[in-house]
Amino acid sequence: MNVRYTQYERAHLLGIVALCEAEGWPSFPADHERAHAVLTAPGVTSVVAVDNDGEVVAFAYLLSDGHIQAYLAELAVAATYRRQGIARALLEYAMPLTGAQRIDLVTDTAEDFYSSLPHHTFSGFRIYPGWKPTDS
């Protein structure tokens, strides 16, 4: 099965939304215009893997300073296309487009995949609105 890798275009949006829905990720499906704005924002690199029928079978969206640091915000591969090297190839395609030297990420479901790539493991946190400063 041939898959081609390319930069995001608006025509890919519904395929990305479908992948997010399949993963249970509500942000992009909730507002398609906002999703498109996010995927095309300054400093963002958005890439897709498309099969022979033109179906989006994977996507990644990264934020970058364009020089040193990139952050992988989301990466999803359709269930029927997993374990074929698509995620790895998508990251290899995206990395030079970011201009960065490294990619950081947080995952709660794909530790095995990311640990198979050259990496260093660090502790991380996700901060949400509504926190109150403490006396420290």
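So, in region 1-30, how many residues would count as being within 14 Å of GLU74 (Cβ to Cβ), outside any helix (DSSP H, G or I) and open to solvent by 80 Å² or more (accessible area, probe 1.4 Å)? The qualifying residues number 1.
Within region 25-45, residues that are over 12 Å from LEU14 (Cα atoms) and of a type in the set (Gly, Ala, Ser) have Cβ atoms under 9 Å from residues that are open to solvent by 60 Å² or more (accessible area, probe 1.4 Å) and part of a helix (DSSP H, G or I) in these pairs: SER27/ARG34, counting only partners at least 6 apart in sequence or on another chain. The set of residues from region 56-72 being of a type in the set (Val, Ile, Thr) and either buried (at least 22 other Cβ atoms within 10 Å of the Cβ) or within 18 Å of GLY15 (Cβ to Cβ) (or both) comprises VAL56, VAL57. One residue is enough: does region 94-104 have a residue meeting the conditions within 15 Å of the chain's Cα centre (by Cα), open to solvent by 50 Å² or more (accessible area, probe 1.4 Å) and in contact (Cβ under 8 Å) with a residue 60 or more places away in the chain? Yes; the residues of region 94-104 include at least one that is within 15 Å of the chain's Cα centre (by Cα), open to solvent by 50 Å² or more (accessible area, probe 1.4 Å) and in contact (Cβ under 8 Å) with a residue 60 or more places away in the chain.
The values are calculated or read from the model by the stated rules, or taken from the named source; none is laboratory data. Here the structure is a predicted model, which means the values were calculated and not measured. Note: ideal-geometry Cβ built from the backbone for every residue, glycine included; neighbour counts use all protein chains shown. Accessible surface areas use protein heavy atoms only, side chains included; no ligands, DNA or RNA. Shrake-Rupley method; radii C 1.70, N 1.55, O 1.52, S 1.80 Å.
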